[in-house]
Amino acid sequence: MTGGGYGRRMTMLTRARAATLESLMIGEGYSSLGDEYVERRDPTPLRDPYLIAFSPDVAALVGLEAAQAERPEFLRLAAGCSRFEAVAPYAAVYAGHQFGSFVPQLGDGRAITLGEVETADGARYEWQIKGAGQTAFSRFGDGRAVLRSTIREYLGSEAMAGLGIPTTRALAIAGSDEPVFRETPETAGVLTRIAPSHLRFGTFEYFHDRSRFEAVRAVADYAIANFFPGVARVASDADRYAQLLHEVVGRTARLIAQWQAVGFAHGVMNTDNMSILGLTLDYGPFGFLDAFDPGFICNHTDVGGRYAFDRQPAVALWNCHALAAALSSLVSKDDAAAALAAFAPAFQARYAQALADKFGLGEPRPDDPTFFADALAALARNRVDYTIFFRALSSLSFGDATSFGDAAASPQSSTLVAGDADACKRLIALFENRADAEALLQRYRARIALESRDDAARMAAMRRANPKYVLRNYLAENAIRAARERDYSDIARLHAVLRDPFDEHPQSEAYAGTPPPWAAELSVSCSS
Ligand code: AMP
Ligand code: MG
C-alpha cells in the first residue's frame with residue numbers, strides 16, 4: 001500500500017479543533033478486542049478514483065476540516081488507496097438471520113474500517129469504507145459496491161440525519177470507471193461511512209451460535225463500556241447485561257416508530273442489518289412512501305413481503321428476540337422476557353407522539369389513537385401522497401374560517417373546512433374520493449378546536465414535524481442517472497435540500513412533487 005502517514009495514535013495530547021488528515025486522532029476501536037473478532041486487511045485500491053460527493057456536516061462531526069476533502073490524499077483514503085498508518089484496517093465478523101433463516105457466517109464482506117477517530121470533544125467514530133474490496137467474509141462476493149447503491153446510501157443516510165432519525169452517516173463517495181458486474185456491467189463506488197459503532201445484532205449471534213460465550217460477553221462489555229454509559233453504572237453483572245438488552249430493545253422500538261412516522265421502509269431488516277445502537281444501518285433496497293400504502297414492499301426480491309412497511313415493527317421485535325437468544329448466556333429468561341415486553345409500549349408511545357406531532361396535537365386525548373388510525377386508513381384508501389398530505393395539512397389554518405358546511409350535507413362545498421380555501425382545496429385534491437377528504441378534515445377541524453395553542457403556533461410546529469422533502473426513489477434514480485454521465489450536481493443539490501428537509505427551498509420545489517409516471521417502473525433489489 002502506497003501513501004499513508006495520516007492519523008496519529010490516540011495517546012497524542014495536543015488536538016486541533018478541526019483536524020487535518022495527518023492530525024486526526026485514530027484508535028483501534030473494536031479491533032482492540034483481538035483477532036477472534038476481526039480480520040485485519042487493507043482495502044483494495046480503487047483504480048483511478050475520483051471524488052463524487054463529500055459531506056461537510058459529517059466532516060465536522062468527526063472533527064475533520066472540510067477543506068481536507070480537496071486534497072488528493074483525502075481521495076486516496078476515500079478510495080481505499082491508502083489508510084491511516086496508525087491502525088491496521090479491519091473487517092468484522094458477524095452472523096445473522098436473513099429473511100428468517102440463520103446464516104452462521106457473514107461479516108464485513110466489502111466494508112473495511114480504517115480506524116476509530118476521536119474528536120477534540122472525546123466523541124469517537126468508526127471510519128469505514130464500503131465497497132473497499134474482498135475480505136475473509138466476502139463469501140462469493142467481489143467486495144465491491146456499485147456506484148448506484150453508494151449514491152443511494154449516501155443520500156439515504158444524510159436524508160435520515162436531516163429528518164432527525166438515528167442513522168449511520170456518509171462522509172464521501174469515491175468513484176471509478178472500474179467495472180463491477182451485477183445484472184449488467186456497472187462501475188464501482190466506495191462510500192465512507194461513519195458511526196460510533198457498526199456493531200449488529202448478528203455480531204452477538206455469531207459468537208453465541210459457536211458457543212463462544214466469553215466472546216459474547218466481551219462484545220457486550222465493549223458495547224456497554226463505549227456506548228451505554230448508563231448501563232455501565234449498573235453494578236451486578238446479571239442486571240447490567242439485562243439492562244443492555246433492555247436499552248437496545250428500547251432504542252430499536254423508538255427507531256422503528258420514527259421510520260413508520262416518516263414513511264421509511266428499510267427493505268432488508270435481517271438481524272445483520274440491525275444496529276446495536278438503534279441506528280438505521282445498511283441502506284440497500286430502502287424506500288420512502290409516495291402514496292400511503294401500508295403494505296408497501298420496497299425490495300422487489302422480498303416476494304413474501306416479510307419486510308413490508310407495516311410489518312417493520314413486528315419484524316424489529318422478532319429481531320430483538322433473536323438478539324435476546326444470542327445473549328442467553330448472559331441474560332436470564334425472565335429478564336429477557338421483561339426486556340422484550342418493553343418493545344411494544346416503547347414503540348407505541350414514540351409512534352403516538354410522532355403522529356400527534358404530525359397532526360399538530362399538543363394535548364393528547366383518549367380518542368386520538370382512533371383518529372390516527374382512521375386518518376391513515378383514509379390516506380391508504382385514497383392513495384394520498386404521505387409526505388405531501390402532512391405538509392399540506394401544516395399549512396391549513398382554521399383561525400378565520402367562517403363558513404363551515406357539513407361534509408355529508410354539502411359535499412361540493414370548497415370552503416367547508418378551513419379559512420384558507422386554497423390550502424383546503426389542495427388538500428382535498430390529494431384524495432381520490434372527495435367525501436372521504438371532507439369527512440377527515442371536518443373531524444380534524446373539530447379535534448384542533450380542542451387545542452389551546454393558536455393556529456400559527458400549531459402550523460409552525462407541524463412544519464417542524466412534517467418534512468417537505470424526502471428521498472423519493474425517483475429522485476435518487478435521477479441523481480444516479482446523471483452521475484453515470486459524470487454529472488454530480490444533482491447529488492449535491494439533493495443533498496443540500498435533504499439535510500434541511502423541514503425548510504422551504506424555493507429553488508428546489510421540483511423535489512417536493514409526486515413521482516412522475518416513469519417512476520412506477522422502478523424497482524430496487526438487494527443487488528448492490
Ligand atoms: P447486505 O445485504 O448488503 O446487508 O449484505 C449481506 C452480506 O453480504 C454482508 O455480510 C455483506 O458484507 C455481504 N456482501 C454484500 N455484497 C457483497 C459483495 N459485493 N462482496 C462481498 N460481500 C458482500
Ligand atoms: Mg448488511
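Just so you know, all these numbers are worked out from the coordinates, no wet-lab data involved. None of the values given here were measured: they were computed from a predicted structure. A quick note on method: Cβ atoms are made from the backbone with ideal geometry, for glycine too, and the neighbour counts reach across all protein chains shown.
When peptides 227-238, 168-179 are ranked by their average number of other Cβ atoms within 10 Å per residue, the highest-first order is 168-179, 227-238. For the chain, the mean residue ellipticity at 222 nm estimated from helices alone is -12000 deg cm²/dmol, where every DSSP H run of n ≥ 4 contributes -39500 (n - 2.57) and the total is divided by all residues, rounded to the nearest 500.
With all pairs of separate Cα atoms included, region 202-355 yields a Kirkwood hydrodynamic radius of 16.0 Å. P(r) tail, region 21-197: Cα-Cα pairs separated by more than 21 Å, 47% of all pairs. Projected onto their three principal axes, the Cα atoms of region 279-390 cover extents of 49, 40, 22 Å, largest first. A straight chain from Leu33 to Ser508 at 0.36 nm per residue would run longer than the Cα-Cα distance by 166.3 nm. The residues neighbouring Leu475, those whose beta-carbon lies less than 12 Å from its own, together hold a net charge of +1 under the Lys/Arg +1, Asp/Glu -1 convention. Take 448-459, 90-101, 142-153 and order them by the average number of nearby Cβ atoms within 10 Å per residue, most first; the result is 142-153, 90-101, 448-459. When you filter the GluC sites (Glu not before Pro) in region 14-76 for DSSP loop state and at most 16 other Cβ atoms inside 10 Å of their Cβ, you are left with Glu22, Glu36. State log₁₀ I(q)/I(0) for region 423-483 at q = 0.21, 0.29 Å⁻¹ as given by the Debye formula over alpha-carbon point scatterers of equal weight, solvent excluded. These q points yield log10 I(q)/I(0) values of -0.97, -1.14. Cα centroids of region 493-528 and region 342-403: 23 Å apart. Measuring how big the chain is from its alpha-carbon positions, Rg and Dmax come out at 24.1, 78 Å. Rounded to the nearest 10 degrees, the angle from helix 368-381 to the longest Cα principal axis of the chain is 90 degrees.
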